[in-house]
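Notes for the one structure printed next.
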Amino acid sequence: MDDRERAFTDYVHARGTTMLRTAVHLCAGDVGAAEDLVQNTLVRTYVSWHQVRDPALRDAYVRRIMVRTESVSSCTATSPTARAPAPPVGCRRGPSTPSRSPRTASQRVRSGGRP
């Protein structure tokens, strides 16, 4: 086992429980999906582990990979917030007509909040 593998293995042993806890939160409590998310995250992390030179940044690096992996994983599809309920019968679909000009929020802030 080389230094890279040893460092990665040590990290996983030390932080595995925390990673799973974070994944369960991201997967809305679905432990099975969270375990899959952790596995997918670890695979992606191992491939690029050499890029993390500062050990203090490892947690942030792994969390970023986990969040990005979650956004394309199956746990998002099973999350209760991922499924929007169907609109009531007779409800108008599509964007509502804005009551003011379609300026961005940053443009309104710069102009002092005026529409």
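Of the residues in region 88-100, not one is of a type in the set (A, V, I, L, M), modelled with pLDDT of 90 or more and out of contact with any Ser or Thr (no Cβ under 8 Å at 6 or more places or on another chain). Hey, could you check region 15-36 for residues that are among the hydrophobic types (A, V, I, L, M, F, W, C) and without any contact (Cβ under 8 Å) to a residue 12 or more places away in the chain and say which is nearest to TYR61 (Cα to Cα)? If we take residues in region 15-36 being among the hydrophobic types (A, V, I, L, M, F, W, C) and without any contact (Cβ under 8 Å) to a residue 12 or more places away in the chain, then VAL24 is nearest to TYR61 (Cα to Cα).
The values are calculated or read from the model by the stated rules, or taken from the named source; none is laboratory data. A quick note: this is a predicted structure, and the numbers were derived from the prediction, not measured. Don't worry about glycine lacking a Cβ; one is built from the backbone with ideal geometry, like all the others, and counts go over all protein chains shown.
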